[in-house]
Structures are given as C-alpha cells and as structure tokens.
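Notes for the one structure printed next.
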Amino acid sequence: MVDSSTQLLSQSNSSNSFAQQPHQDDEQISTISSIVEECIGELNWTQLLQVFLVSFAWFFDGQQTFITIFTDAQPSWHCANQTGSRFASNNSCKSTTMSTKRASICELSKDLWVWDESKQVSIISEWDLECVNTIITGLPASMFFTGCLIGGIVLATLADASLGRKSMIFYSCLLMSFSSFLASFSTNIWIYSALKFVCGFGRSTLGTTTLVLASELVSKRWRGQVGVFGFLVCTLGFLTLPPIAYLNKGSSWRNLYIVTSLPGILYCILVYLFLHESPRWLLIRGRKEEAIKVLKSITSLSLTTQSDYLDLAISNIMPLKEETMKVDLYSTFKILMQNRWSSRRIMVIVAMGLGIGLVYYGMPLGVGMLSFNLYLSVTFNALLEIPSTILTFIFIHKFNRKSMLLFLTTLSGISSVLASIEVTNFTISLQLVFELVSFFCAYTAYNVLIIFGSELFPTCVRNCALSLLRQAVALGGTISPMLVGAGREHNNKFLCYGILGLAIGFLGLFGLCLPETKDKAFCDTMDEEEEESK
C-alpha cells in the first residue's frame, strides 16, 4: 500500500474531459484549483459575509495576545507616612527616591510606601510580586507564547488532515476564550501561568486557519485583500484593549479577562452555526457532495448555470484514493520536509518569523521602559496597525513580496537600535518615535510574510506551513518578555531594543532565498507546486 504522505504529492488530474467553462468555450478545467476558481466566480455578498465571520476570530486573538500588558503591569506607588497618606513625609523614602534614577520599592520597608491604586489592579500588586525575579513576573506572558509554540507544533496539521478549517477555528477559539475566562479566577501566579499556557495553546492555530479559510473562500483576485482584512480585525481587537483597561482603571485586573473572553465564547456559537468549510479542503479530502453544497452557496454564477456546471465539473475529478483521505497527524510534516524546495522555504520563513515576532511582541511589552504613559503608548502602537494594514492592502499587488520584506525588516531593525540609544538633550518622545516606527515596520512585515507564506505552499500543506510560521513568531513572543525584563532589571535599553533590532535586521535577509509569488495562482498538490516552480 502506498504511503499516505506520498499520495498527497500526486496531483488530482481529470480522467476524462468534461463540460467547458461557461465563459471560456474553448478551455477545459483539469485541476481542483481551476475548478474552484471558476465555480467561485466574482466576489459577492455571501462570500463577504463568510470572510467577515471567519476573520472576526482575529479580534479575540488580538485581545488575548496583548492583554498582559495591562493585567501584568507594574503599578505606580508613592511614599507614605505611617497613616498611609499621600504626603511623603518619611525622610528615608524621600532619600531613597532622590538618590536613585528609578527608585526601587524593594529597598524600602513595606510601611514606607503604598500603591497609588487598589492592590487588585495588577497581578504584581495583588500577589506581592513587586520584588521577585523578572523571570517570575514575565512567566505568564512567556507561558502564553510557549503554549502558542507547542500548540502550533501539536495542532498544526489538524486543519489540513482530519478536522478541517471550520472545526479547527471553532475548537481553537473556544479553548482560548474559555481558558481566558478561567484565568480571571486564578489564586496565584502558577495557576494563572498554567491557564495562560492553555490559552496560548488554543490560540496557536487560530489566526493561521482563519487566514487560510478566508483565502480559500474567494478567488485569487481577492486573496491578498481578504488576508489584509483579517489583520485589520486583529488591529481592532488590540485597539479595544487600552480603552477597556482605562475604564477598568483602579478596579480588578480580573474584569479584563471576563469582558474579553465571554464575547469570544458567543462567537464560537456563530462559527458552529453559520460558517462554511473550505471547498478546496473538502475536494482534497474526497468529500465532493459537501464541496458542491458549499460552492453552490457561495458562487456568483447564476442559478441556471451553477447547478449543472458544478455537478458536472466536480464529478469529473479523478476520485482520490482512500489512503489520501486517511492522512495521519504528522504526514503533512513529512511531506513538507522530504522535498528540498519545500523544506528550504519553510526554514526561511520560520527564521524570518522569529525575527519579526521578537519586535512585534517585544515593542509593546517594552514601552514601559520609556517612562511614557502606558495607556497612550499602547494606544499609539495599536493605532499604527491600522495604517499598516491599509498600506499592506494598497501595496500588496503593486510590489514584490521579497522587496517589501527586505525594506521593512531593515528599517525596523535600524529604528529599534536607535530607540535604545540614550542621547543628551533628546527627549523620551524621540525614542518613542523610533519605537513606533520599528513596530509599524515589523507589523507590516508580518502581514506581508503571512500572505507570502500562503502563496509559497499548496493547499494540502498550506495550513501546516503557516502554522509553523506563526509558531516561529510566537517563539519570538516567548523570548521577548525575557529581553524586556532584562532591560528593566539592568536599566539598559539596548538589552531590549538593541537586540530586537539586530535580530529582525539579520533574519530579514533570509527572504532573499525565497521565490517571488506575486500574481501567482494557488496550487493544490505538491506536484503541481513543484511544476509551477520549475
């Protein structure tokens, strides 16, 4: 019996000729890709609604990714007299504050200072973590991204193999939202960190599967714009965090998790009831009847044309062998790595994803080092994602992917290094400008790389490849809190911003090893992709 991983490499060619395309009398369809492209037709309202529904998962992804900026923040404090008033009448506290650049409350007796607000505003104050090692205080954020990393490895192939795109989105979002809800009841940092790991584990493939499904529900003409729309929704999710946190200012950090997790659970119900599965994936898995049903519901072809044409076109695809429809969990990994061209591509985008992830997640976490208002600085970072998304939308069809990535990663690296330099007579605002430029370029590069990655691999392994890319980005998120913590502990911005800049600048050069994919149609099998490359 032929190995299941080998079967996926075979292109599904038509065994006999079949009806001609309704708009091209002299052409015949011979591949799944061309059939789906013709059957989907032009973009219509049904496709738009499906894209909006599936892309909204990014909203909750954006919230849960950056929520620890507020829940795990170091609260402000002030000196107090023995009655706990705001007047810093205690000489020891005043002396310590005056003699150090950044007064450490760990050098003071607990009766000499008080928090500015309630102890419940952050896990740091509620669980008395103000003087513990930065590794401990950064543990929840690191565990979240560790969960993303491990979850991506464990779950990466499920959307390509057995579960499919729709079910993967449903279970991922449900696990992420429910574990986030449970995090609001944590009693110590260890339980909290474990739940953050589960949250990251569930979230690991959410964005990837969302992007893949959205792009497979429309024709290639709209593929880039659809991907960018998901990034915009993610930005809106991130952008809602500062106002929610500000309204919750002075109250418990647990409220943030409750407010952001419950809508995510409700969204899962909508996904289960109304979202369609990818017709490409259904055809690859041999489920033709379901594919025809989905295509009929989203096609822009007229009612008189679609019924006969869809049935005839899809029925003439050579039936996939049973082994092809029984791909095990890790066959997709084997497929990716056993071909030289695909293994080279996956290693390159993983390296680039690591560099981009370090800056993308590290910059918002490190803004506190600039002594700038936390709510405003995070808002500035979130707002920058909107023009970044718009620019990606405009330029994704005008410029080569490789050129865009090289320019963006280089500029991000230079700006990040400049943000770490202490210059006399220059205000903190200038460092914030460099930080924002670096973050803007990193986020734009992330958008371009995700779209680039979806075009580099065929349908049978696309979700797995993008999952590995996202896990590389998550690995950057796992490392960045430690770099930020080291920078804070040693009061050295270069340990944070300098290293982040060097990493993204160097790893961005790897993109020169990839083939250009601008205006390239999706391929569905490994053989088809390899022939296209040749």
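A few points about this structure:
- Figure legend. Inter-residue proximity from the stretch 42-53: first residues of a type in the set (S, T, Y), second residues in a helix (DSSP H, G or I) and at pLDDT below 85, beta-carbon distance below 8 Å, spacing 6+ or different chains. Indicated pairs: T46/S297; T46/I298.
Yes/no per residue for (1) touching a helix residue (DSSP H, G or I) at 6+ places or on another chain (Cβ under 9 Å); (2) modelled with pLDDT of 90 or more; (3) of a type in the set (G, A, S):
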residue: Q50; (1), (2), (3): yes, yes, no
residue: A57; (1), (2), (3): yes, yes, yes
residue: N91; (1), (2), (3): no, no, no
residue: S95; (1), (2), (3): no, no, yes
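- Flag if G227 is free of Cβ contacts under 8 Å to residues at least 60 places away in the same chain and either open to solvent by less than 10 Å² (accessible area, probe 1.4 Å) or farther than 28 Å from V378 by Cβ (or both): no
- Meets criteria (open to solvent by 10 Å² or more (accessible area, probe 1.4 Å) and closer than 23 Å to A141 by Cβ) for L206: no
- Meets criteria (modelled with pLDDT under 85, surrounded by fewer than 23 Cβ atoms within 10 Å (Cβ to Cβ), touching a Leu at 6+ places or on another chain (Cβ under 9 Å) and hydrophobic (A, V, I, L, M, F, W, C)) for V423: yes
- Selection from the stretch 511-532 of residues that are of a type in the set (D, E) and open to solvent by 50 Å² or more (accessible area, probe 1.4 Å): E516, D519, D527, E530, E531, E532
- The residues listed here are L384, L406, L376; of these, the one that is modelled with pLDDT of 90 or more and either under 25 Å from K220 (Cα atoms) or open to solvent by 10 Å² or more (accessible area, probe 1.4 Å) (or both) is L406.
Table: residues versus (1) among the hydrophobic types (A, V, I, L, M, F, W, C); (2) part of a helix (DSSP H, G or I).
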| site | (1), (2) |
| --- | --- |
| T187 | no, no |
| W190 | yes, yes |
| A194 | yes, yes |
| G202 | no, yes |
| G207 | no, yes |
| L211 | yes, yes |
| R221 | no, yes |
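- Test for S172: is it open to solvent by less than 10 Å² (accessible area, probe 1.4 Å), touching a Gly at 6+ places or on another chain (Cβ under 6 Å) and not aliphatic (A, V, I, L, M): yes
- Search result, residues across the stretch 257-266 that are open to solvent by 10 Å² or more (accessible area, probe 1.4 Å) and within 20 Å of the chain's Cα centre (by Cα): P263, I265
- F434 meets the conditions (1) part of a helix (DSSP H, G or I); (2) hydrophobic (A, V, I, L, M, F, W, C); (3) touching a Lys or Arg at 6+ places or on another chain (Cβ under 9 Å) in every case but one. The failed one is (3).
- Residue within the stretch 148-167 that is open to solvent by less than 20 Å² (accessible area, probe 1.4 Å) and among the hydroxyl-bearing types (S, T, Y) present: yes
- Complete set of residues in the stretch 234-256 that are among the hydrophobic types (A, V, I, L, M, F, W, C) and either buried (at least 23 other Cβ atoms within 10 Å of the Cβ) or over 30 Å from D519 (Cα atoms) (or both): C234, F238, L239, L241, I244, A245, L247, W253, L256
- Of everything in the stretch 121-166 that is among the small types (G, A, S) and in a helix (DSSP H, G or I), the residue that is farthest from G200 (Cα to Cα) is S125.
- Residue within the stretch 240-253 that is farther than 30 Å from F457 by Cα and β-branched (V, I, T) present: yes
- Pair list, Cβ under 9 Å, 6 or more apart: the stretch 332-345 residue closer than 15 Å to E528 by Cβ, other residue outside any helix (DSSP H, G or I) and modelled with pLDDT under 80: I335/L8; I335/L9; I335/V327; N339/L9
The values are calculated or read from the model by the stated rules, or taken from the named source; none is laboratory data. Computed from a predicted model, the values in this text were never measured in an experiment. Positions of Cβ are backbone-derived with ideal geometry, glycine not excepted, and every protein chain shown enters the neighbour counts. Accessible surface areas use protein heavy atoms only, side chains included; no ligands, DNA or RNA. Shrake-Rupley method; radii C 1.70, N 1.55, O 1.52, S 1.80 Å.
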